[in-house]
Structure formats: C-alpha cells, structure tokens
1. Which of (1) within 19 Å of Ala141 (Cβ to Cβ); (2) away from the ligand (no atom under 11 Å from the Cβ); (3) not charged (D, E, K, R) does Asn82 not meet, given it meets every other one?
2. Need the failing condition index for Leu88 against (1) of a type outside the set (Ser, Thr, Tyr); (2) more than 13 Å from the ligand (Cβ to nearest atom); (3) modelled with pLDDT of 95 or more, just the number.
3. Sort out which residues of the stretch 103-141 are surrounded by 16 or more Cβ atoms within 10 Å (Cβ to Cβ), away from the ligand (no atom under 11 Å from the Cβ) and assigned to a loop (DSSP other than H, G, I, E, B), and write them in order of number.
4. Would you call Val153 within 9 Å of the ligand (Cβ to nearest atom) and either within 19 Å of Ala94 (Cβ to Cβ) or of a type in the set (Val, Ile, Thr) (or both)?
5. Being at pLDDT below 95, within 24 Å of Tyr159 (Cβ to Cβ) and buried (at least 18 other Cβ atoms within 10 Å of the Cβ): is that true of Ala39 here?
6. Quick check on the stretch 42-57. Is at least one of its residues within 13 Å of the ligand (Cβ to nearest atom), under 14 Å from the mean Cα position of the chain (by Cα), surrounded by 14 or more Cβ atoms within 10 Å (Cβ to Cβ) and not in a helix (DSSP H, G or I)?
7. Step by step: first the residues of the stretch 142-169, then only those that are acidic (Asp, Glu) and modelled with pLDDT of 95 or more, then the one that is surrounded by the fewest Cβ atoms within 10 Å (Cβ to Cβ). Which residue is that?
8. Of the residues that make up the stretch 68-76, is at least one within 11 Å of the ligand (Cβ to nearest atom) and not basic (Lys, Arg)?
Amino acid sequence: MENSLYLRVSPRLGGLGFPEWLGEEEEQWEKCVHNHNMAAIRLGGAEDLEAVAAIQARSPGAAKWDVSDYLEQVFLVAEDGNQVVGFLVWRAVAADEAEILNLAVVPEFRRRGVARRLLEGALRTFNGDFFLEVRESGTGAQEFYKSLGFQEVTRRKGYYDLPPETAIVMKFHSC
Ligand SMILES: CC(C)(COP(=O)(O)OP(=O)(O)OC[C@H]1O[C@@H](n2cnc3c(N)ncnc32)[C@H](O)[C@@H]1OP(=O)(O)O)[C@@H](O)C(=O)NCCC(=O)NCCS
C-alpha cells in the first residue's frame, strides 16, 4: 500500500503505542471494496489536499485549517469514482482519548451516509472517548453526531471567532 497508515499518523499518536491496532486498520483499508452505491473509504494523501480544501471551503460548519496539516493526523477520505467527496481528520491525544479535528462532505453528496462511513471506521478502531467541538448554529452536524451516539457534555462560550460563537462539546464512548 503506497500510503501507509503508519506515515499518516501524528508523531504523538505513534508515541502512544498503537502499532497493533494500526496494523489491523491497515489490513482493513487494503480489503476496502468499492461499491458503486457507496463511496469508498481510504487513507488520504498529499494528492487529495486540493479536493479536500475545496470541500472545506464549501462547508461553513467545517474547521478552516491548512489542509497540509492533515497529513500529520489520521486522515481519511471518501471517494466516489475518482472524486473525493468527503474527509475526516482525527487524532489520539491519549491512550484512551481521541478528538475529531474536522469532517465534511461535498454538499451534493450529503445525506447518503458518507460521513457516517468515515466516522464509523474511526469509532470502531479506537477504544476510548472521542471528543469534538461543533458550532452552536451547526444543528445539522449536531444531529449527525447524535445519530451516531455522541452526546453533548458542555458548552464553551466565545470559543469560535469569525463569527464569534459558542462551541458545543460532544463525546462518544467507544469500546
Ligand atoms: C455534518 C456532515 C459531515 C454530515 O455528512 P453526511 O454525509 O450528509 O451525513 P450522513 O449522510 O452520514 O448522515 C447520517 C445521519 O446523520 C443525520 N444527519 C446528517 N445530516 C443531518 C442534517 N443536516 N440534519 C439532520 N440530521 C442529519 C441523519 O440521521 C442521517 O441519517 P439519514 O440521512 O438516514 O436521516 C455534513 O452535513 C457536512 O459536511 N456539513 C458541513 C461541515 C460540518 O458542519 N462539519 C462538522 C464539523 S464539527
């Protein structure tokens, strides 16, 4: 596999001693089957960054980070044919805690289960708590996370800028 998952994880993650599950994860990606009705999920690479930046720009609810930073995290993309239609970036911050850094799907491909497939893979392969922040106005995203079992744990006033807004912190326990 050209884009080894081992090269995609952050040094922090590598330092947390996860080689076993990462190996299993890599096998799963190699077995990934392309189904014409479903976007295929695979590891993202430098060649995907332009498409990911375009999705990010079209997704007001998504975090607006420099996409090249995603190569240092666990970076997954959903592909329909040759088109990247969604992406997920997450990282482990401790042996039993991870955070979702960004997630977005091309508007035309929403409500087809793309984000669910991206996130379910992460939830399956890491045992512990997943945390994320979402804008208070991002009700669609909140409903999405709730549909997967995330629950609101707290709110952080003035967490976001441009525009200023409260963040809702959500948590999912994976075991
Ligand atoms: C949030 C987002 C990633 C969801 O992607 P998606 O591929 O459309 O989600 P899915 O199709 O996998 O949705 C799975 C379930 O989540 C829920 N859901 C998803 N989007 C929803 C919405 N806008 N409103 C209400 N429920 C929603 C539904 O229960 C849905 O199942 P259903 O379609 O069978 O009813 C997408 O809307 C997006 O890219 N938004 C902009 C970026 C963003 O806000 N990212 C979150 C950053 S924290």
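The values are calculated or read from the model by the stated rules, or taken from the named source; none is laboratory data. Given the structure is predicted, the values throughout are model-derived calculations rather than measurements. Positions of Cβ are generated from backbone atoms using ideal geometry, with glycine treated the same way; all protein chains shown enter the neighbour counts.
1. Failing condition for Asn82: (1).
2. Answer for Leu88: the failing condition is (2).
3. Phe126
4. On the way: within 9 Å of the ligand (Cβ to nearest atom): no; either within 19 Å of Ala94 (Cβ to Cβ) or of a type in the set (Val, Ile, Thr) (or both): yes.
Answer is no for this residue.
5. No; evaluated as a whole, the condition is false for this residue.
6. Keep residues of the stretch 42-57 that are within 13 Å of the ligand (Cβ to nearest atom), which gives 52, 54-57.
Within this subset, residues satisfying the condition of being under 14 Å from the mean Cα position of the chain (by Cα) are 52, 55-56.
Going one step further and asking which of them are surrounded by 14 or more Cβ atoms within 10 Å (Cβ to Cβ), we end up with 52, 55-56.
Filter once more, keeping what is not in a helix (DSSP H, G or I): none.
No, the stretch 42-57 has no match at all.
7. So, considering only residues that are acidic (Asp, Glu) and modelled with pLDDT of 95 or more, the one surrounded by the fewest Cβ atoms within 10 Å (Cβ to Cβ) is Glu143.
8. To start, the set of residues in the stretch 68-76 that are within 11 Å of the ligand (Cβ to nearest atom) comprises none.
No, the stretch 68-76 has no match at all.
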